[in-house]
Amino acid sequence: MKKKMLCLMSLAGIAMVLASCGGTNKPTTGNDTTGILKTPTTITLWSITGQNNRPQLESYITAFKEIEPNITINNVYQSGSYNDLEGMVSKGFLGDNYPDIVQGYPDNVANYIDYGKAVKLDDYINNTEYGWNEFDKSDIIAAFQDEGKEYTVSGTYSVPYSKSTEEMFYNADVLIGLDLSKQDKEINGGAPLNAAYFDTLTWDELFDHLCPAIEAYNATLPTDQKILKTDQAYHSIFAYDSDDNLFITLAKQYGYGYTSVVNGAGSVDFNNDGMKSVMKRFKTAYDKGYFLTKGSAGGNYTNTYFTLQNTLFSVGSTGGVKYQFDAAHPMNVGVARIPQADTKSPWTINQGPSLCILDHNGDENRKLASWLFYKYMTNTTNSLDWAINSGYMGIRNSNYESDEYKEATSIEGKQEKTLDILMAKSASYLPKITPNMYVSPAFKGSSQCRTQVGGLFTAVLTSDGTDATINDLFSKAESTAKLAL
């Protein structure tokens, strides 16, 4: 792609820009090998690709056909959640009605491994003719590669594609420059709030200083100037979109344990005194009106309340940045790292679906065809295209280092209070997070662990908060999670 085109590029979609410039939305092949497979072979891809990103995926499929004419890809978009997709695949194993490539999370892949259907990819990755070369291995972000190996069996069973993490979004119109020194002189050293302060926010700072000060400041304002709005049934200062992600992230940040693999088997570790104390802390914040989650907000994504300005903060997936902005209620949205237990050792979740190749009765052509397509769709050119235009993270270090990415994510010349500037801020902030992303081990039953801790978080927040209730909720969640092992 020419630099001239990319400087015009909107993060909402490459196709519209190229069309307006008289160009074509056809990815280049980079250094891909060509004509590897000599036998006509058809493979099927199942994914939950959003409507906005489908033209990109389909363009990769079309262009791949030109370098591998013997490979035909049957592209099928599925609806529902990734767990729903896993259920369809697992059911399909019984009647040989399942895809060659499937999108999913490690917890899903762990079940495919248990069925004996997930293909170990190391021989393909290391093949001297059509595998990753040394540049690929160093270029693809290590944390994403490592995720594909975090299973109870050795080897690589999933590979990165639509990766994301979480960021903290905040109402910069209200918060940047806000002087809270009269309410709490310790906040930001007595200086007005700025971006650097939010980049190093801890949970203790948030709940012990910032939230009480904001509440006290709000009480001094006339009714028509309040910064804490109560227009919706659910409102707070701080909102988090994912109960399960938050529980798992807190377990990592505080080092109290979530799950682990012991002697090759999954272990449920989250029922411990440390996590109970953390949950009590968040329960107190919830009761004070400082904090809420999707589960405690009627099952609605909390960005709904953020964009209506009924919360001042919203933590959500980088893959869903566009949902943190509403043109009907425009505001300048700031972007920062999520709060930490200790900013000296920051942790943010590595999420977003990867791809898994499934075996069909040992058909080597189908496995090779699947690998070749995956390698093509994530080459340097296509991964850059995906990073710039899909809202997902670039999976290669070179994506972030390229002039095209820097231009597309620059906020220079962009209008304030627009989605374009928010997406540019988010994308440009991602390189600060990638060195500190973590993954949880995946094993048979780990998806049930995730489900249980998400429900546990919601239940604790909306409970009476007594020790007896919290102990009971933890025990029930643990027992249910262990049934899936």
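Here is how the numbers come out for the structure above:
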item	result
Residue match in the stretch 78-97 (condition: at pLDDT 95 or above and either outside the structural domain of L358 (by TED's automatic domain parsing) or under 14 Å from Y376 (Cβ atoms) (or both))	no
Condition check for L384: surrounded by fewer than 23 Cβ atoms within 10 Å (Cβ to Cβ) and assigned by TED's automatic domain parsing to the domain that holds E150	no
Single match in G391, G334 (criterion: touching a Gly at 6+ places or on another chain (Cβ under 9 Å) and of a type outside the set (A, V, I, L, M))	G391
Of residues in the stretch 37-51 being modelled with pLDDT of 95 or more and hydrophobic (A, V, I, L, M, F, W, C), the one nearest to the chain's Cα centre (by Cα)	W46
Single residue of G465, G445, G454 found to be assigned by TED's automatic domain parsing to the domain that holds A328, in contact with a helix residue (DSSP H, G or I) (Cβ under 9 Å, 6 or more places away or on another chain) and under 29 Å from K344 (Cα atoms)	G454
Selection count, the stretch 356-411, where residues are under 20 Å from A63 (Cβ atoms), in a helix (DSSP H, G or I) and under 19 Å from the mean Cα position of the chain (by Cα)	8
The stretch 44-69 residues that are closer than 19 Å to L358 by Cβ and of a type in the set (G, A, S), paired with ones that are surrounded by 21 or more Cβ atoms within 10 Å (Cβ to Cβ) and modelled with pLDDT of 95 or more (beta carbon under 6 Å, 6 or more apart)	S47/Q103
Of all residues making up the stretch 150-160, the number that are free of Cβ contacts under 8 Å to residues at least 40 places away in the same chain and crowded, with 18+ Cβ neighbours inside 10 Å	1
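Results for (1) among the polar types (S, T, N, Q); (2) surrounded by 13 or more Cβ atoms within 10 Å (Cβ to Cβ); (3) farther than 30 Å from R450 by Cα, shown as yes or no for each residue.
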site: T39; (1), (2), (3): yes, no, yes
site: L45; (1), (2), (3): no, yes, no
site: I73; (1), (2), (3): no, yes, yes
site: D84; (1), (2), (3): no, no, no
site: D100; (1), (2), (3): no, yes, no
site: K120; (1), (2), (3): no, yes, no
site: N133; (1), (2), (3): yes, no, yes
site: D136; (1), (2), (3): no, yes, yes
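The values are calculated or read from the model by the stated rules, or taken from the named source; none is laboratory data. Treat the numbers as computed from the prediction; the structure is a model and nothing was measured. Glycine gets a Cβ as well: all are built from the backbone with ideal geometry, and neighbour counts include every protein chain shown.
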